[in-house]
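What follows is a single structure, written as C-alpha cells, with notes after it.
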Amino acid sequence: MKKIIALGLMLATLQGCSLREPMSAEQDTETPTLTPRASTYYDLLKMPRPKGRLMAVVYGFRDQTGQYKPTPASSFSTSVTQGAASMLMDAMQASGWFVVLEREGLQNLLTERKIIRASQKKPNTPVNIQGELPPLQAANMMLEGGIIAYDTNVRSGGEGARYLGIDISREYRVDQVTVNLRAVDVRSGQVLSNVMTSKTIYSVARSAGVFKFIEFKKLLEAEVGYTTNEPAQLCVLSAIEAAVGHMVAQGIERRLWQVAGDSSSPSQDDVLNRYLSQNKVDPGAEAEADVE
C-alpha cells in the first residue's frame, strides 16, 4: 500500500512539472474576449504618424496555398483561415497610415445605395436618407497578395526520460506560414512595395506515466498528458501585421510617403529603425522578415 501511495505522489509530481496549469476534460464555459494580439500589433500602434493618410483598398487577400487539413480531421477544411482580407484591413487601420475603403463587399454596398435612391422617390422618406448620395471615394493605392505557403513539419523533435517504469516526455512540431503583400499604384499599376513575411506555428505535447508491477499480478498503470497547438489564424494575423509594418517602413525609406513633421517619439523611432534594419538584410531583394 505504501508503494502505491509513493508512486501516486511521484506521478502527481511529474504531472505538476509537465502541466503549466490544471487541465480537465470538461472546461468551464468562458465569456467572449477580444482576440489576443502579438507584438506585431503593438509595433503598428507605435509606428510614426503619417503626414497624410493613404486612401487604400483591398479587393481580396486569398489563400493561395492549396493546403487542406489531414484526412483524420477533415479532407475539406483548409489549413489556413479564409478571412485574411479582414485581418489585413484591421492591420491597416491599426497602423494609422491608411484610410481603408470597402471593396470586398462592394456589391452589397452598391445594392444598399440603390435601395436608398429608390426610397428617396417615395413620400414620407426618412430624414437620414433625404440628401443626395455623394459618390464613392476613389483610392490611390491597392493592396494585393495572399497567403502563399503553409509548410508542415518544418522541424520536429522531443525529449523524455524513463526510470523504473516511470516516464515523462515532451514532443514538438513546427509549421510555417508565409504571407505576401504588395502595394500597387492605382493610376500606373506600378508595384511600389513588395513584402514577404513568415511566421512559425508551434505544437507541443507533454505526457507523464507510470507502468509498474506493485506485487505479483498487481500492475499499476497511469498516464496523463496534454497538447498545445498555437492557433494558426493568430499566426496568420501576426504575419500580416508584420507585412504591413515592413511595407510602411519601406515606403518611408524609399520616400513613397512621408512622416508627419517632428511628431515622432523615441519609441516610434525605435520601432521604425528595427523594421528598417530587417529590410536591409538583403538590399535590392524583396523584404523578408521572420516573425517568431
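Derivation of every value follows stated rules applied to the coordinates shown; laboratory data play no part. Just so we're clear, the structure is a prediction, and the values are computed from it rather than from any experiment. When we count neighbours, we look across all protein chains shown, and the Cβ atoms used for this are built from the backbone with ideal geometry, even at glycine.
What to note about this one:
- Extension reserve of the Q93-Q233 stretch, reckoned as 0.36 nm per residue once the Cα distance is removed: 48.5 nm
- Using the Karplus relation 6.51 cos²θ - 1.76 cosθ + 1.60 with θ = phi - 60°, the per-residue 3J(HN,Hα) values for segment 184-191 come to 10, 6, 5, 5, 9, x, 6, 7 Hz, with x marking Gly and Pro.
- Within-14-Å neighbourhood charge of D167 [Cβ basis; K, R +1; D, E -1]: 0
- Simple Cβ-charge dipole of segment 204-282, Lys/Arg +1 and Asp/Glu -1, about Cα centre, in debye nearest 20: 320
- Per-residue HN-Hα couplings for segment 40-53 [Karplus 6.51, -1.76, 1.60; θ = phi - 60°; Hz; x = Gly/Pro]: 5, 5, 6, 5, 5, 5, 9, 5, x, 6, x, 5, x, 6
- Each Lys and Arg adds +1 at its Cβ and each Asp and Glu adds -1 at its Cβ; summed about the Cα centre, segment 118-267 shows a dipole of about 220 debye.
- Dipole magnitude of segment 161-247 about its Cα centre (Cβ charges: Lys, Arg +1; Asp, Glu -1), debye to nearest 20: 120
- Amide H partners (placed H, <5 Å) of L220, local residues excluded: K212, F213, I214
- Candidate cross-link partners of K122 among the lysines, defined by an alpha-carbon separation under 21 Å and a same-chain spacing of 8 or more, comprise K114.
- Dipole-positive endmost among P126, P36, V100 within segment 24-138 (Cβ charges, Cα centre): P126
- Sequence of T152, T200, T29 once ranked by neighbouring C-beta atoms within 10 Å, starting from the fewest: T29, T152, T200
- Cα-projected label distance for S265 with A118, points at 7 Å along beta-carbon direction, nm: 5.1
- Label sites at N153 and V127, each approximated as a point 7 angstrom past Cα along Cα to Cβ, lie 6.7 nm apart.
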